[in-house]
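The values are calculated or read from the model by the stated rules, or taken from the named source; none is laboratory data. All of these numbers come straight from a predicted model, not from anything done at the bench. When we count neighbours, we look across all protein chains shown, and the Cβ atoms used for this are built from the backbone with ideal geometry, even at glycine. All accessible areas refer to the heavy atoms of the entire protein, side chains included, with ligands and DNA or RNA removed. Shrake-Rupley method; radii C 1.70, N 1.55, O 1.52, S 1.80 Å.
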Amino acid sequence: MARTITDSAEAAVELEERFARARSAVFFGGAGVSTASGIPDFRSADGLYHQRFKYPPEEMLGHDFFVRHTAEFYDFYRERMICLSARPNRAHTKLAELEATGHLSAVVTQNIDGLHQMAGSRTVHELHGSVHRNICQSCGATYSAEWVMASEGVPRCEECGGLVKPDVVLYGEQLDERVLLDSVRAIAAADLLVIGGTSLVVYPAAGLVNYFNGNEIVVVNRDSTPADSSADLICACDIAAAFDF
């Protein structure tokens, strides 16, 4: 049975020890990693799914909604999905430090905010894409999140006038096969898997943790997750504080 820790300082000591002895650690993270950076998650009490909009957020983040209501999609996308003022918190920066010192081999993230790269992480597998890449559907030209924020209405390519779509995986779309395979390889080769800031209910991304064949699983999440039953250690505390070591 997994040991459960609720004190952030104690969790930090345990995480430091486990990363120190791991040969190939992987971090699998979700929206909870970025809440300390001011980016709301989806399913918590204050998350997007509990806020009132004209349409449910899960509908507005769907492929069909993007196609049929493109202008309204972009109104929501600009207001709620892009947060250019956000900065990495201690969880992001510590993961980058662990990679730089050889104690972490990869980050597999469901987040689309780019904060891991901003913190300095180099091997980041973005399962759901990134708001920082926006691609013309006609000619393939790429635009930044800043460019999208500065545009009005439905953004159109400056080169050909084609529709620009965020390089994020919307509901009803498939994950990028290359990113998926790279994530599976990283998790399968790891001897330590740290799962943080995710409820593990969004598939197929959440199913990737089943490829882990290593020694230890640590879950860092305030609420219970499906991985708790197979975890060696559960840190039910603030994730940014747990990585403050």
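A compact table of results
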| read-out | value |
| --- | --- |
| Calculated log₁₀ intensity ratio I(q)/I(0) where the Debye formula runs over C-alpha points of region 173-227, q = 0.31 Å⁻¹ | -1.29 |
| Using alpha carbons only: equivalent-ellipsoid semi-axes of region 115-243, gyration tensor based, whole Å | 34, 16, 13 |
| Phi-based couplings in Hz for region 217-223 (Karplus 6.51, -1.76, 1.60; Gly and Pro marked x) | 10, 10, 10, 10, 7, 4, 9 |
| Radius of gyration and maximum dimension Dmax of region 78-173, Cα, Å | 15.1, 46 |
| Calculated [θ] (222 nm, deg cm²/dmol) that DSSP helices of n ≥ 4 give over the chain, each run adding -39,500 (n - 2.57) | -7500 deg cm²/dmol |
| Local net charge near residue 245, Cβ-Cβ under 12 Å (Lys/Arg +1, Asp/Glu -1) | -3 |
| For residue 135, distant residues with modelled amide H under 5 Å away | 143, 165, 167 |
| Contact order relative to length of region 171-245, as percent, for alpha carbon pairs under 8 angstrom and 6 or more apart | 27 |
| Cα-based Rg / Dmax (Å) for the chain | 18.3, 59 |
| Electrostatic dipole magnitude of the chain [Cβ: Lys, Arg +1; Asp, Glu -1; Cα centre; debye, to 20] | 160 |
| J(HN,Hα) series, region 224-239, from Karplus relation 6.51 cos²θ - 1.76 cosθ + 1.60, nearest Hz, glycine and proline x | 5, 9, x, 7, 4, 5, 10, 7, 8, 8, 10, 10, 8, 7, 4, 6 |
| Length-normalised contact order of region 10-152 in % [C-alpha pairs under 8 Å, at least 6 apart] | 24 |
| Surface accessible to a 1.4 Å probe, residue 39 within the full protein complex, Å² | 30 |
